[in-house]
Amino acid sequence: MNTKVKLILFGVVICMTTLSFIGYKVSTGLIDEQIAKSKQIIETKQVIAEPISDPDVVINRMHDLANSLIISDTFQKQLEMDKFNVEKLITLVDNMEVSIEKPILVTIAKRWEQGDFISVDYDHNIICDLLGEEAGIATGINKIAIKNAIMNMK
């Protein structure tokens, strides 16, 4: 057999193995389980609802918003970055008690309000520093999530 025929046969075997594996996952319910898990993650997204003035609580809300747009080695609570939540955040930051952190938070929140998420990983890590957290540091940005967030800001 020549090399071309061997490669074609090898490709056919790989395709059949992949299809068998997918069929196995469907028949055993593993695909349904994966879909349920992804829905769980989506359902954990919440909106900012309560009025808050405590700086630590406001910083935590900002952290939850930033989590939805970053890449990190740990999964953390997320709030959807959309116009509604960012407007609520602006109100929270404006109404929060005077603190050393407030000017930083105002700057970040105003930038997010404009749909500027290019440095959200940096913003996230600043917020982590303010919270005294070392785990879950952003290692990059989730470009797809940022694209969606920009669309949700309109």
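Remark: for residue pairs Lys88/Lys147; Lys83/Lys147; Lys102/Lys147, the C-alpha separation exceeds 19 Å in Lys88/Lys147; Lys102/Lys147. Each principal axis of the Cα cloud of segment 45-152 was taken in turn, and the coordinate range along them, longest first, works out to 34, 30, 22 Å. Spin-label pair Thr107-Glu133: with each label point 7 Å from Cα along the Cα-Cβ axis, the two points sit 2.1 nm from one another. Under the combined filter of DSSP loop state and at most 11 neighbouring Cβ atoms within 10 Å, segment 100-140 retains these GluC sites (Glu not before Pro): Glu134. Cβ-to-Cβ counts within 10 Å put Thr139, Thr91, Thr74 in ascending order as Thr74, Thr139, Thr91, the fewest first. Cβ crowding within 10 Å, taken as a proxy for footprinting-reagent exposure, orders Leu65, Leu130, Leu79 from fewest neighbours to most as Leu130, Leu79, Leu65. Taking 20 Å as the straight-line reach from the Cα of Lys143, the aspartates and glutamates in range (excluding those fewer than 8 positions away in the same chain) are Asp64, Asp73, Glu80, Asp82, Glu113, Asp116, Asp121, Asp123.
Scanning residues 5 or more positions from Ile70 or on other chains, those with amide H under 5 Å from its amide H are Asn142, with H placed 1.01 Å from N in the peptide plane. Exposure proxy for Ser119, Ser72: other Cβ atoms within 10 Å of each Cβ, ordered fewest to most, give Ser119, Ser72.
Sites listed here are chymotrypsin sites (Phe, Trp or Tyr not before Pro) in segment 69-122 whose DSSP assignment is loop and whose Cβ has at most 12 other Cβ atoms within 10 Å: Phe75.
Any read-out appearing in this document is the output of simple, stated calculations on the displayed coordinates, not a laboratory observation. In this text the structure is predicted, and so the values were computed from the model without any measurement. All Cβ positions, glycine included, derive from the backbone under ideal geometry; neighbour counts span all protein chains shown.
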